[in-house]
Amino acid sequence: MSVRVGEVTIFPHGAFLHDLGALLVADLHIGYEEVLLESGIHLPRSQYGRIKLAILEALERFDPDLLVLLGDVKHEFGGATRQEWVEVLDLMRSLKGSVDVQVVRGNHDNFLIPILRREDIPFHDPGVEMGRYYLVHGHKPLEALPERAEAVIMGHEHPAIGLRDELGVKRKFKCALLGGLDDVKILVLPAISPLAPGTDILSAPRSGLLSPILSQLDLGRFEVIATDSEAGVVRMGTVSQLRRVQGIPADL
Amino acid sequence: MISWAERRYSYEEVLSRLDPTVAEWFSANFSSLSPPQEYAVVPILEGKNVLVSSPTGTGKTLAAFLGIVSRLFSLASRGELEDRIYAVYVSPLRALNNDVYRNLEVPLRGIYQLARERGIEAQEIRHAVRTGDTPPSERQRQLRRPPHILITTPETLAIVLVAPKFRRHLEGVEWVIVDEIHSLVENKRGVHLSLSLERLEELAGRSPVRIGLSATINPLEVVAEFLVGYENGRPRDCLIVDARYAKPLDLKVLCPVDDLVHTPSAVVSQRMYELLADLVRRHRTTLIFTNTRSGTERVVFHLKKLLNEGVEDLDADESIAAHHSSLSRHVRHDVEERLKRGELRAIVSSTSLELGIDIGYIDLVAQVGSPKSVTRALQRVGRAGHRLHEVSKGRFVVVDRDDAVEVAVMVREALSGHLDRARIPQKALDVLAQHLAGMAVERKWDAREAFELVRRAYPYRNLTWEEFESVLRYLSGGYSELETYKVYGKIWYDPGGGAFGRRGRYARVIYATNIGTIPDEVAARVYNVENNRYIGNLEEEFVERLSPGDRFVLAGRVYEFVRAKGLKVYVRPAFDQKPTVPSWFSEMLPLSYDLAVQIARFRARIAGEIEEGRDQGEIVAEIARECSTDEKAARAIFEYIREQLVFLRSLGLEEFPSDEVILVETYLSEDGNSYRVFHTLVGRRANDALSRALAYLVGRRVGRNLGVVVADNGFALVFPRGVEPQGLLSELDPDGLRATLRSALANTELLKRRFRHVAARGLMILRNYKGHEIRVSRQQASAETLLKAVSDIEGFPLLRETYREIMEDFMDVETAELVLRSLREGRAREVELPPLNVPSPFSHGIVLQGLSDVVLMEDRRAMLERFHRMVLELVEAGQRAGGG
């Protein structure tokens, strides 16, 4: 259920950096049910348990020294009432016991800061340099990259691919994207949130991408690594190859 | 007890029971009673529940209102009329409400004028319409001075039940009239109304007289139970007035060309339009039904062209119009008014004119293609001859051979009075959720008491406490991980104390603004990218799933998706290519079970006669006589059956498909897919269930996704290249069918779409929230995501309801079980043909239709790996090309 590329192992819910002993997951969007509720969708709250379980399983499997949450931990939309933060507190407290936790700021994390401070969890904005990696959420353009950075690892985009078979069935798979910007590598992680099925990067035009980092780039040469909690992790080829196999025009 | 009205009251008897002024008015205006009036007026006066079924124009509405107006006038002349609502009239159509308002205005005015002449003083009887269109000022007026007769829709009725002050006017209501009940019983709108009626009865504090008015429908006993509901586990009393055959029928099947097979389709269409133009010329006003909205537009276009070319004094542009639900209300209203004024020679409609709005004088109903059920055929034809004793004249134009057989048998059944059975959805938990939310707004309830109220509605008479309680739990925010999230519930519910009630200040608004059962589909308009011409509509949901290059069927033709911009879709014609996307959202009406069985028997009987060597001319004449067809249609039917017979005999097969023999054939198509066709004539809804269950069983065996084609005359499984076609219905266990089907539905587009509808009805997805309409909800979470989020919640009522709705209402799992059982017990058997590279004549319609859906079996891993292999092949091919 995973694929290793150099020092990075990609598993269905994130990545493990062997050289740093660090586990990375992105886009938890805890409490997304509240956003849905605001737009009139009343979903029973049952997502948090799935997210927590996925992280605990990964901790067990990789036994990391460090866990980095790559932004959008809580899907906040209003104030920070205690009720809404029960789950985040529960998560932070249960993780802290077994591993060092650090958080990179995402676009949804404004009210998270006081809680992290209280729980004594390091918080990075806009990103953090670790070894040869630069970790960001991905909602802002990359400005000055640290000198030594060889690879950028980010979230935010919630990448996915939609594949249609010869009978016309289209199924969506979350994926990681691996590509480059000049001589710096870029790895985009899938969202761990079950409620974020993701952007279909095969049929989305460049302007339809969320991240300003990616919308600057030609995604055609990015490698797609499907990360499906059911099917596992499969290296699929590049975005443009998949587009050709699917008969989707390359010049979207 | 449900009983049939036998006592027919004479004109004098009826008049003697009425208020003298009302009786005098009646006799001055009507010299006789119509059949519904002879049977219904007196029982209604005696306080009996009555169901009246008869065609349009037989005086049903007056039959219902005469007694009520008489009683109200008696009260008014004694000065005893109170400021409250005495009678509620409910109809599914706002347009019909306005008609009824006007049709009451006339008699009331006449009666009061007569009263003045006789020197009788009487209070005014007020009647008023209240619908979603009623302005606040008018509602205020109704609150201050309530109408004595309230004319409304099912949705508005459900809203006034919680209106804080207005609802008090409903206390003591004495009569409830449900009009056009035939259009409600088979869908959730009717289920919704059945609960409103019980809530109204609770509010009334008495048992109002219920009067149901219906066009032709069957069985009337069941419709009667639906109307009156249950009390202590037994149906309340109801008297049935069956006047379904009050108007004589003149039906005929017409075929526009001599040879339906070899005549090019463009010529067939042209001849069909000419035939229709000819019918229009020879009648004063013709109502033409097509089965699709796009068909409606095409017929209008061609009729205008043909009739403008003629020399007749007929301005086709002015006198031919379309009427369908995609047109704006304003346009439709204008068309209706012109029709009433007799300005139109022809009006073309899909389904929108089926209901009984007053459309004036129609002397012919023409139908293009098959209406798919005997009952619907009669309801449509019943629109002709708008007065009693006038003939209902119907002409059915057929343009393909399956239609010819189907319509011929349908006309035969209609003429001999064999109607298909209506089916009422049972125990819909989404509709129940809506009502429980509404009841909670009214007051605090003892859950047991509410349960008993719900079970008095016919569709819920068998509801279990467990089912009922699961809806309360869902509404109160149960099924969440943490108890604390109950704060998000729409009601509070205390299982210990057994009580529930309203929670939150938005409860009333949420209920009132999200009421109803009709899913709101957002239609995207589709244009040809090459010339910007409008082609038709697609549902937004369908568009969301398209990728550039996908090909799909719209209005009977194949188009390629280019791009979408908001609600505008651009496509390019790809008429000669095969669709690549199943047409999930077909607007086709399904062939009914009863008619399908008759078609199977008919085809087999004619085949038998041919085989016995009876003279061809004799058989053709017999078909024409028996089914009231013209000679061309009879010959087309004969040839069609003969070809199938010759085809089978040439292969050495001694059987012929019938209601006892299911022919199974395997057709290897040129594109590499193969079709396994099952000739099951059990109605399309049962075919839908059988095909998906079998596709699941076989797909699991071969480890691949299989396509299904669901048709009226059978179904097909579609196997991708390299997979051997296989499978028989006898492999399916009738007792395990529902479970198999449930697995087969996982991940299908059908499930996702229906779940969204159920979630909206069950108030999980609100269409209106905090004062604004919600359209963004789909961007926040797709139906697929929501479905996934609730799929592992044990017993979640809305998911349970989604499966029930699909299996029982959309499909016909019960009939499918019967089919499997008759295979097991040897009452029917499957007969297999060897694989062939031509389809048999009876299969053409099925294999040409395109996929209806795909049953997913291939696991996600295998699918990923297959696509990865395709990429590798692409890369290798590129390298070879580059190297060479």
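Every read-out reported here was derived from the displayed coordinates using simple, explicitly stated rules and does not represent laboratory data. These numbers were taken from a predicted model, which means no experiment stands behind them. We place every Cβ from the backbone using ideal geometry, glycine too, and count neighbours over all the protein chains shown.
3J(HN,Hα) along segment B:187-204, derived from phi through the Karplus expression 6.51 cos²θ - 1.76 cosθ + 1.60 where θ = phi - 60°, amounts to 9, 6, 5, x, 4, 4, 5, 4, 6, 4, 4, 5, 5, 5, 4, 4, 5, 5 Hz, with x in place of Gly and Pro.
Mean partner shielding of peptide A:230-241, defined as the number of other chain Cβ atoms within 10 Å of each residue Cβ, is 4. What the Cα convex hull of segment B:548-665 gives, in volume per residue, is 175 Å³.
Across all Cα atoms of the protein assembly as shown, the radius of gyration (one decimal) and Dmax (whole number) stand at 32.8, 109 Å.
Counting pairs of Cα atoms in segment B:632-746, how many percent are more than 17 Å apart? Of the Cα pairs, 60 percent sit more than 17 Å apart.
Ellipticity at 222 nm from helices only: DSSP H runs of n ≥ 4 in chain A, each -39500 (n - 2.57), divided by the residue count, give -6500 deg cm²/dmol. In segment B:143-182, the C-alpha radius of gyration followed by the widest Cα-Cα span (Dmax) gives 10.7, 35 angstrom. Equivalent-ellipsoid semi-axes for segment A:123-252 (Cα gyration tensor, √(5λ), whole Å, largest first): 26, 16, 13. For the segment B:861-873, counting C-beta atoms of other chains within 10 Å of every residue's C-beta and taking the mean gives 6.
Restricting the calculation to Cα atoms, every distinct pair contributes to the Kirkwood radius of chain A, found to be 18.5 Å. Beta bridges from DSSP with both residues in chain B: antiparallel share about 40 percent, rounded to the nearest 5.
Legend: Rg and Dmax of segment B:249-415, from Cα coordinates, 15.0, 44 Å. In a simple Cβ point-charge model (Lys, Arg +1; Asp, Glu -1; nothing else charged), chain B has a dipole of about 2880 debye relative to its Cα centre.
How big, in percent, is the set of alpha carbon pairs in segment A:60-182 lying more than 25 Å apart? The calculated P(r) of segment A:60-182 puts 37 percent of pairs beyond 25 Å. Using only Cα atoms, find the angle between the long axis of helix B:401-415 and the longest principal axis of chain B, and express it within 0 to 90 degrees, rounded to the nearest 10. That helix lies at roughly 30 degrees to the long axis.
Its Cα gyration tensor gives segment B:593-648 an equivalent ellipsoid. The semi-axes, each the square root of 5 times an eigenvalue, are 16, 15, 10 Å from largest down.
Can you give the net charge of the other residues whose Cβ lies under 12 Å from the Cβ of residue A:140, counting K and R as +1 and D and E as -1? Here the charged neighbours net out to -1. Computed over chain B, the per-residue total of -39500 (n - 2.57) for DSSP H runs of n ≥ 4 gives a 222 nm mean residue ellipticity of -13500 deg cm²/dmol, rounded to 500. To the nearest whole percent, what portion of all C-alpha pairs in segment B:429-513 is separated by more than 19 angstrom? Result: 32 percent of Cα pairs exceed 19 Å.
Restricting segment B:642-691 to GluC sites (Glu not before Pro) that sit in a DSSP loop and have at most 11 other Cβ atoms within 10 Å of their own Cβ leaves B:654, B:670. Sorted largest first, the principal axis extents computed over the alpha-carbon atoms of segment A:1-114 equal 45, 28, 23 Å.
Could you rank the peptides B:758-764, B:412-418, B:466-472 by their average count of other C-beta atoms within 10 Å per residue, with the highest value first?
So the order, starting with the most tightly packed, is B:758-764, B:466-472, B:412-418.
In straight-distance terms, cross-link reach from residue B:247 covers every one of the lysines whose alpha-carbon lies under 25 Å from its own, apart from those fewer than eight places away in the same chain; here that gives B:60, B:340, B:372, B:393. Under the combined filter of DSSP loop state and at most 11 neighbouring Cβ atoms within 10 Å, segment B:38-143 retains these GluC sites (Glu not before Pro): B:80, B:121, B:124.
Beta-bridge orientation, the protein assembly as shown: approximately 50 percent antiparallel, per DSSP, counting only bridges with both partners inside. Ordering of B:27-35, B:448-456 by packing is B:448-456, B:27-35, highest average first (other Cβ atoms within 10 Å, averaged per residue). For the peptide A:242-248, the mean number of other protein chain Cβ atoms found within 10 angstrom of a residue's Cβ is 5. Each of residue B:145 and residue B:121 was given a label point 7 Å from its Cα along the Cα-to-Cβ line. The distance between the two points is 1.8 nm.
Most tightly packed first, judged by the mean number of other beta-carbon atoms within 10 Å of their residues, the peptides B:739-749, B:565-575 read B:739-749, B:565-575.
For a quick check of your reading of the filter: which GluC sites (Glu not before Pro) in segment B:792-884 sit in a DSSP loop and have no more than 10 other Cβ atoms within 10 Å?
Loop-located and lightly packed - B:794, B:825.
Placing +1 on the Cβ of every Lys and Arg and -1 on the Cβ of every Asp and Glu, with nothing else charged, gives segment A:3-246 a dipole about its Cα centre of roughly 540 debye. Only Cα sites of segment B:2-242 enter the Debye sum here, all with the same form factor; the resulting log10 I(q)/I(0) across q = 0.10, 0.15 1/Å is -0.44, -1.04, listed in q order. Both radii come from the Cα set of segment B:794-849: Rg as radius of gyration, Rh as Kirkwood radius; their ratio Rg/Rh reads 1.17. Close amide-amide hydrogen proximity is noted between residue A:123 and A:103, each under 5 Å apart and 5 or more residues distant or on a separate chain (H modeled in the peptide plane; Pro and chain starts excluded).
Would you compute the Debye intensity of chain B from its alpha-carbon atoms alone, equal scatterers and no solvent, and pass along log10 I(q)/I(0) at q = 0.10 Å⁻¹ to two decimals? The calculated log intensity ratios at q = 0.10 Å⁻¹ are -1.26.
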